[in-house]
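Just so it is clear, none of the values below were taken in a lab; they were calculated from the coordinates. All values reported here derive from a predicted model rather than from experimental measurement. With ideal geometry, Cβ positions are generated from the backbone for all residues, glycine too; neighbour counts draw on all protein chains shown.
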Amino acid sequence: MSDNKNANQTPDTGHSWDDGALRELLNEPPGWWKLGMWVSLAWVLVYFILYPSIPLATDFTKGVMGWTAIKEYKADLKEVEELRAPYEAKIKKMSASAILADSELSSYVEKSGKVLFGDRCAACHGSGGAGNPGFPVLADDDWLYGGDINTIEASITDGREGGMPAFGGSLSAQQLDDVTQFVIGLAQGTKHAAGAAVFEEQGCSGCHGEDAKGVTFMGSANLTDGIYRFTPGTAESVKYTIAHGVNDGSDPETRNAVMPSFADKLTETEIKKLAVYVYKLGGGQ
Ligand code: HEC
Ligand code: HEC
């Protein structure tokens with residue numbers, strides 16, 4: 001610093017440049033800096049005495065407090081499990097519908113059901129049961145097999161596999177178009193007489209019902225509500241379903257719709273939790 005009048009008297013390191021115009025001086029570091037250093041050093045020592053700190057070849061220095069992150073985690077976990085234990089014991093003995101009727105238990109169960117759903121179901125049904133192409137929406141009140149709590153529990157336990165034969169081989173192109181227009185018209189309130197005749201003759205009503213509203217025991221979709229199980233619900237995609245069927249092994253282009261059974265993959269308690277969670281997604285029914 002050229003404006004420092006004492007610079008000439010200050011001892012230097014012997015390093016100089018520019019014929020002595022620039023010298024490296026031997027100044028003491030400032031007091032605040034030294035204080036900071038001593039305080040940090042003291043803190044390191046205190047920490048070293050109290051806490052695990054230095055990794056050794058197969059072990060580590062333990063510290064006098066005996067604290068470890070894993071011990072703290074285990075203690076926290078034990079606390080949570082103790083809080084949960086009475087609930088879990090009750091749930092184990094109760095049916096899903098009884099849990100649902102108990103507002104405290106059902107809101108407890110709903111939370112763990114949500115986590116299970118994210119792990120085991122969301123890959124197919126979408127997060128929060130919002131559905132995915134080919135996988136039904138669970139967060140509405142439109143059900144293939146039924147939305148009461150016992151039916152939902154059965155769907156999860158046993159799995160589901162709806163079956164509809166492919167009609168591509170048995171219908172003429174005209175008949176296929178007619179029945180497609182008839183189905184599309186059902187939701188829109190328009191009538192298609194030729195298509196209605198095909199629907200009757202081909203036995204569609206035998207599975208979907210005379211009113212085409214679907215039969216829950218076989219999971220045949222309601223065709224009148226404008227909610228399509230196989231999206232998008234355009235004439236083209238409806239026609240595809242009719243032509244290739246659902247899970248029809250004889251048609252390589254058939255729609256696949258297999259809900260796996262979870263009887264061996266989840267405990268009964270977990271299935272009950274999921275049933276309550278899914279039931280509540282649809283707002284009941
Ligand atoms: C591999 C994909 C897949 C997984 C994983 C899966 N599902 Fe499904 N689920 C389906 C399919 C496909 C259907 C429709 C079956 C059909 O159309 O016959 C279905 C149907 C259902 C139904 C009946 C819906 C109705 O409208 O009646 C329920 C309830 C259900 N799943 C719940 C679950 C729950 C809860 C889980 C997680 C434990 C789960 N699913 C995991 C594919 C899956
Ligand atoms: C053997 C019973 C059966 C017969 C016969 C049958 N269906 Fe189906 N159909 C089903 C089932 C079951 C499903 C639902 C499959 C699933 O989602 O797993 C279905 C689904 C559909 C769908 C898809 C609905 C959606 O929401 O995407 C359409 C469209 C349809 N059927 C139309 C017809 C027509 C038209 C005929 C007659 C030409 C017919 N079905 C005959 C059982 C049948």
Indicate the gyration tensor shape class of the range 30-75 (rounded, prolate or oblate), computed on the Cα atoms with a ≥ b ≥ c the square roots of the eigenvalues: a/c under 1.5 is rounded; otherwise a/b larger than b/c is prolate and the rest oblate.
prolate
With a ≥ b ≥ c from the Cα gyration tensor eigenvalues, square-rooted, and the rule rounded for a/c under 1.5, otherwise prolate when a/b > b/c and oblate otherwise, the range 173-256 is rounded
Mind jotting down the distance between the C-alpha centroids of the range 54-93 and the range 127-158, whole Å?
37
Which residue fluctuates most in the GNM of the chain (Cα springs below 10 Å): LYS191, LYS92, LYS74?
LYS74
Over the chain, what relative contact order in percent results from Cα pairs under 8 Å that are six or more residues apart?
21
Gain in length, PHE48 to GLU268, computed as 0.36 nm per residue apart minus the alpha-carbon separation, to one decimal in nm?
74.3 nm
What is the magnitude of the charge dipole of the range 208-285 about its Cα centre, with +1 placed on the Cβ of each Lys and Arg, -1 on the Cβ of each Asp and Glu, and no other charges, expressed in debye to the nearest 20?
340
Zone of SER250 (label point 7 Å along Cα→Cβ, backbone N under 12 Å): which residues in the range 161-177?
165-171
What is the dipole size for the range 1-139, taken about its Cα centre, with +1 at each Lys and Arg Cβ and -1 at each Asp and Glu Cβ, in debye to the nearest 20?
820
So how do 78-86, 126-134, 143-151 stack up, highest first, on mean other-Cβ count within 10 Å?
143-151, 126-134, 78-86
Taking ASP119, ASP225 and counting other C-beta atoms within 10 Å, the order from fewest to most:
ASP119, ASP225
Once a ≥ b ≥ c are taken as the square roots of the eigenvalues of the Cα gyration tensor of the chain, is the result rounded (a/c under 1.5), prolate (a/b larger than b/c) or oblate (a/b not larger than b/c)?
prolate
Measuring from its Cα centre, the chain shows a charge dipole (+1 at each Lys and Arg Cβ, -1 at each Asp and Glu Cβ) which, in debye to the nearest 20, is 840
Lysine pairs in the range 168-285 8 or more apart or on different chains: how many have alpha carbons under 22 angstrom apart?
5
